[in-house]
Every structure is written in C-alpha cells, then in structure tokens.
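These notes concern the structure reproduced below.
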Amino acid sequence: MGLFSRDYESAGPGIAKNAPKKQGLALFFDIFFRKFWLMIGLNILFFLFTIPLVATLPVMYYVRNPKISLTIVLILVAVFGVVIGPAFAGISRVIRLFLLGRHSFIVRDFFKGFKQNFSKAAIVGVLDIIALLSAFAGYYSYPYLATLYNNKIFYVPMVITFSVAIVILMMNYYIFLMITATDLSLKNLIKNSFALAFVALKQNFITTVILILYSAFLAVLFIYMMPLFMLVLPLFSVVPMWFVVCFNSYPVIQKYVITPFYENRGEINPELSDGADEIDEETLFEDMGGKEKPIEKPVEKRRKGKGRHIS
C-alpha cells in the first residue's frame, strides 16, 4: 500500500523471510531512522543523570561564598561520577537490543541496565572522570612547566598523558557494552576492553573521527546558536554518538568475546542466529513472504445508461 497513493486496497508481495539482510551504512541508517524517536526518549532519560554536572554551573555563578560553592560543586560532581557510568550501561543495553533486532521498552530496559550493572559501571564511570580530569590537568600544567623552566622535556609526559587518555576513550567503546552483555569480572572487562582498543584500530579510528565531528557540531551550536543547542542537548546529544559507538564496536565484541565463549562450549552464538530453522516436510505452515501474489483491487463494472441526477 502506498502512503501517498489512492490505491488503499491492494497489497504488495510482502517481505521474504530469507531476504538478504542489510549491512554497513544501509543497516546503520535503517536502524537509526526506525528507532529515531526512541533514541530521543533515551537521550532524555540519559540527560536526567547529567543534571548534577549541569547544576554546577549555576552554583558557581550564583553562590558567592567560595567555600560553600566549592563544597556544593564537589558533592554534585561526586554524585555525577557515581551515576554516569550506570547511565551509560542503561543506554548501552537499549542500543544493543536495537542492534540485535529485539524489541525494547526504553524506560524498563534502561533502568534494568542501570540497576543490574550499577556497581561495575559506577566504578568505570569514576575511573573515567579521574582519567578525564588528569588529561585536562596535563593539558594545562605541562606546557606551563615547559615555559616556566624553558625545557621542552615537559611535553613528553603531556604526550604520554594524552596517549593514555585516547586508549581509555577507545576502551570505553567496549567496556559498557560488555558490562551489559556478559558476566565478566571487572578485571576481565578492563583487560578485554584494553585488548580491543588495539585489535580493532580501524573501527576505533572511524568511531573517534565521527565523535569528534559531532562534538564539533555541538560546539558550533553552543557558540553561535545557543537556543538550538539548549534544545539539542537534552534531546539528541549523547545517544546518537553512543549509537555510532555501539554499531561499530558490538560486532567486534561478538567476534572476539561472545562467539569464542560459545565455541568453547560447542555452541553457536545465539546473537548471530536469526532463529529460523530450515523447513522440513512436516512443517504445517510456511512463511510465504515475498512469494504470494499481490492482491489486486477488483474492477467495478459500470452500469449502462445515464446516472441519476441530484438537484
């Protein structure tokens, strides 16, 4: 049935059960546009857990007492540090279900991922914040020391700091997905994510470039179009970028972590199976999608003679 057609009674041939599956960009945009409104809702959920960090700005601006302001800011940052990791686990769970083609109630599945993985994800979130603050500290302190002592040797630890920060960033592409998809210990989660940061350099590079471009887009909105930025921030800021991360990274996790686990047990990874068994002779019903003939609209016979006039 065509949406913009007058023919509302005809039906097409349907979708073949064994039709070729979309891959690459075709699959990416197919999932992206089908789940577009769900991702907006998911972004709103995630944004609620960033409120402690956002609240530090008005506190620093309006609270004039430096000690009170610093205390409140530290408390808010601590709260943010504890909840941001589980929030990433929540959106990782939902997006993983999108990628697997499974139905998801975003509120239920978000909070399920949040609560079930709280301890591991909270620890990872706190470690991420420490790493981020260390990177910023290195960015400001090492060039200052190099200028102060007129010695470029201080740029060496700065390069090392940023290299470590990049590796940690790429580890995050995998660790939250593995937290929601596996029962690995925190030690093995860190170990595997560190290995995948180097094993999948191509995917990680593509992901990083896309994140940088989208972050630059948000920065342009922040500088030149603040009202639009304030609209995009709660609706469509983090989840689109995390969808890119999950789309590029989860196949790597399946290949190097999940599938080997099932192979060692002599089983097939159920996530890679479409669940469709071969049809045998005793099958009572067969999916005829793509095989049946289109239903044609019956042609009405016109009566001979003049029609009745309505005055």
Residue that is of a type in the set (Val, Ile, Thr), modelled with pLDDT of 95 or more, assigned to a helix (DSSP H, G or I) and touching a helix residue (DSSP H, G or I) at 6+ places or on another chain (Cβ under 8 Å), where the choices are VAL79, VAL94: VAL94
Hits in region 234-250 (condition: touching a Phe, Trp or Tyr at 6+ places or on another chain (Cβ under 7 Å) and over 23 Å from MET178 (Cα atoms)): PRO234
Verdict on ILE84 being β-branched (Val, Ile, Thr), touching a Gly at 6+ places or on another chain (Cβ under 7 Å) and either farther than 21 Å from TYR174 by Cβ or at pLDDT 90 or above (or both): yes
Any chance SER104 is outside any helix (DSSP H, G or I) and either polar (S, T, N, Q) or in contact with a strand residue (DSSP E or B) (Cβ under 6 Å, 6 or more places away or on another chain) (or both): yes
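So which residues in region 186-238 are among the polar types (S, T, N, Q) and surrounded by 13 or more Cβ atoms within 10 Å (Cβ to Cβ)? Break it down into steps so the answer makes sense when it comes.
From region 186-238, those among the polar types (S, T, N, Q) are 188, 192-193, 203-204, 207-208, 215, 237; that's our starting set.
Within region 186-238, ASN188, ASN192, SER193, GLN203, ASN204, THR207, THR208, SER237 meet the criteria.
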Residue within region 173-195 that is of a type in the set (D, E, K, R), closer than 30 Å to THR259 by Cα and part of a helix (DSSP H, G or I) present: yes
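Regarding MET171, is this residue closer than 21 Å to LEU99 by Cα, crowded, with 17+ Cβ neighbours inside 10 Å and touching a residue at least 12 places away in the same chain (Cβ under 8 Å)?
Working: closer than 21 Å to LEU99 by Cα: yes; crowded, with 17+ Cβ neighbours inside 10 Å: yes; touching a residue at least 12 places away in the same chain (Cβ under 8 Å): yes.
In short, yes.
Every residue, every condition in (1) more than 23 Å from LYS35 (Cβ to Cβ); (2) modelled with pLDDT under 90; (3) in contact with a helix residue (DSSP H, G or I) (Cβ under 6 Å, 6 or more places away or on another chain), yes or no:
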| residue | (1), (2), (3) |
| --- | --- |
| THR207 | no, no, yes |
| LEU213 | no, no, no |
| TYR224 | yes, no, no |
| MET241 | no, no, yes |
| TYR262 | yes, yes, no |
| GLU296 | yes, yes, no |
| GLY305 | yes, yes, no |
| ARG308 | yes, yes, no |
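Listed here are the residues, each with its yes/no results for (1) polar (S, T, N, Q); (2) under 18 Å from the mean Cα position of the chain (by Cα).
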residue: ASN117; (1), (2): yes, yes
residue: LEU132; (1), (2): no, no
residue: ALA137; (1), (2): no, no
residue: ASN150; (1), (2): yes, no
residue: VAL159; (1), (2): no, no
residue: LEU177; (1), (2): no, yes
residue: LEU196; (1), (2): no, yes
residue: VAL209; (1), (2): no, yes
Unmet criterion (only one of (1) at pLDDT 95 or above; (2) more than 20 Å from LEU38 (Cβ to Cβ); (3) not hydroxyl-bearing (Ser, Thr, Tyr)) for ILE72: (1)
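Residues checked against (1) farther than 17 Å from SER193 by Cβ; (2) at pLDDT 95 or above; (3) aromatic (Phe, Trp, Tyr):
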residue	(1), (2), (3)
ASN117	no, yes, no
VAL124	no, yes, no
ALA131	no, no, no
SER134	yes, no, no
PRO143	yes, no, no
LEU148	yes, no, no
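The values are calculated or read from the model by the stated rules, or taken from the named source; none is laboratory data. Computed from a predicted model, the values in this text were never measured in an experiment. Every residue, glycine among them, receives a Cβ derived from its backbone with ideal geometry; neighbour counts consider all protein chains shown.
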